[in-house]
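Notes follow the structure.
The values are calculated or read from the model by the stated rules, or taken from the named source; none is laboratory data. What you see is a predicted model, and the numbers here were worked out from it, not measured in a lab. FYI the Cβ positions are ideal-geometry reconstructions off the backbone, even for glycines, and counts take in every protein chain you see. Remember, those area values only see protein heavy atoms, side chains included, never the ligands or the DNA or RNA. Shrake-Rupley method; radii C 1.70, N 1.55, O 1.52, S 1.80 Å.
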Amino acid sequence: STRVDFQIEELEDQGLFSLSGKEPVSPGFLAITMYKEYGDDAEGDDEDDEEERAIPEFTQGEQIPLFNSSYQSSDSKVAVTSGAPCWASLGVKEKQTTAPKHITESELITKMEKNGIGTDASISTHIENVLKRNYVYLESGRQLCPSKLGLVLVQGYHQIDASLVLPQVRSDIEDQCSRIAKGLASREDVVKRAIEIFSGKFDFFVKNIEKMDILFGTSFAKLEDVGKPFTRCGLTRRYLQYITGPPVRLYNKYTETVYPLPSGGVIKQWSGKKCSAPDCNFELCLYSVGQPERTFPLCPYCFNNPKPEWGRIPGEDNAASTNQVDREDDTKERQIRRVAGEKLI
């Protein structure tokens, strides 16, 4: 493979051009794979933009005359005719860049092993954890694609303390654990040093957490900006925002209080009716569930704060039933009592 650089002085920085080419030294397997040509038609890397062709002999400082622009070729960077005298023509090859493919699980394992992160037993657990936490998701070909959450977290860590997402710190910890296993370091010294390192990083991170808040604030919607006014809060008389979730919940943007709602059914508004429990005054909504459908009044506050005077909540006594059917009945009754309090409709 040969590459020759040329410069047109009148064009200064924009006058740099190159000529590259390659010749096979030995045909190798190409001698029998007749269906695949080596050169322009070969399937190669886009970055390797060399063609199979002979490159004339050049000497450093040699001046090469150019053809008129009307004879320029659009198939090469610098085309040089063979033979004497030597002439050249300039052309532009138009291409479009393509985004690199996402890393695959096997490629990630290779990089983790190269950087000393994890062991044969723990590497798969690390990958499983980032998937469970929705930092990445799998696409076809087992490619690991970063999620919006994962990207924002990494950007935030980079801005505050880049070492938290770079492999060096984790690699050092793994190396120290290996030294303990080989008897070259004491467990107490390694643990003490690790606690000191991460305590300092934690304190520094807390002091600069507003950088992370800014990133999340610009990348994700706040609870107060989503949902719709649903029912009034009995404490502030402000409307609670209905967040469809999951999980389904009501949110008071003035006190930043969240009231989880039961899942598995349909939540509806109920025309401003208020809870009759003492000192509650929350507006009720309706909870419909089951086939045939049954509807219960639901107080968001009482659902999350059941009152002792309502009696024992089924399933929460010390002597739990050993019968499977009884346990299922107790669970259903407990859910209904939590939803509706003492009054059902």
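Structure above, values below:
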| quantity | calculated |
| --- | --- |
| Any hit, segment 227-242, residues being surrounded by fewer than 12 Cβ atoms within 10 Å (Cβ to Cβ) and closer than 30 Å to Leu151 by Cβ | yes |
| Verdict on Val266 being under 38 Å from the mean Cα position of the chain (by Cα), modelled with pLDDT of 60 or more and exposed (fewer than 13 other Cβ atoms within 10 Å of the Cβ) | yes |
| Helices (runs of 4 or more DSSP H) wholly inside segment 119-217 containing at least 3 residues that are more than 30 Å from Pro100 (Cα to Cα) and among the aliphatic types (A, V, I, L, M) | 167-181, 187-207 |
| Lone qualifier among Asp175, Asp161 - being modelled with pLDDT of 85 or more, surrounded by 15 or more Cβ atoms within 10 Å (Cβ to Cβ), within 29 Å of Val206 (Cα to Cα) and charged (D, E, K, R) | Asp161 |
| Filtered residues of segment 1-26 (kept if open to solvent by 60 Å² or more (accessible area, probe 1.4 Å), assigned to a strand (DSSP E or B) and closer than 18 Å to Thr59 by Cβ) | Thr2, Arg3, Asp5, Gln7 |
| Test result for Gly272, open to solvent by less than 90 Å² (accessible area, probe 1.4 Å), modelled with pLDDT under 90, in a loop (DSSP other than H, G, I, E, B) and on the phi > 0 side of the Ramachandran plot | no |
| Yes/no for Gln96 being at pLDDT 80 or above and either touching a Phe, Trp or Tyr at 6+ places or on another chain (Cβ under 7 Å) or within 30 Å of Lys22 (Cβ to Cβ) (or both) | yes |
| Residues satisfying the stated conditions in segment 111-127, i.e. charged (D, E, K, R) and at pLDDT 85 or above | Lys111, Glu113, Lys114 |
| Candidates Glu210, Glu224, Glu256, filtered to the one that is at pLDDT 80 or above, of a type outside the set (Val, Ile, Thr), farther than 27 Å from Thr295 by Cα and surrounded by fewer than 15 Cβ atoms within 10 Å (Cβ to Cβ) | Glu210 |
| Residue under evaluation Glu316, criteria (1) within 25 Å of Phe230 (Cβ to Cβ); (2) at pLDDT below 60, criterion not met | (1) |
| Test result for Asp40, exposed (fewer than 10 other Cβ atoms within 10 Å of the Cβ) and either modelled with pLDDT under 75 or hydrophobic (A, V, I, L, M, F, W, C) (or both) | no |
| Residue match in segment 185-201 (condition: closer than 30 Å to Pro306 by Cβ, open to solvent by 70 Å² or more (accessible area, probe 1.4 Å) and modelled with pLDDT of 85 or more) | no |
| Residue under evaluation Gly156, criteria (1) in contact (Cβ under 8 Å) with a residue 60 or more places away in the chain; (2) open to solvent by 70 Å² or more (accessible area, probe 1.4 Å), criterion not met | (2) |
| Pair list, Cβ < 8 Å and 6+ apart or interchain, from segment 244-269 residues that are within 19 Å of Cys302 (Cβ to Cβ) to residues that are of a type in the set (Lys, Arg) and in a strand (DSSP E or B) | Val258/Arg249; Tyr259/Arg249; Pro260/Arg249; Leu261/Arg249 |
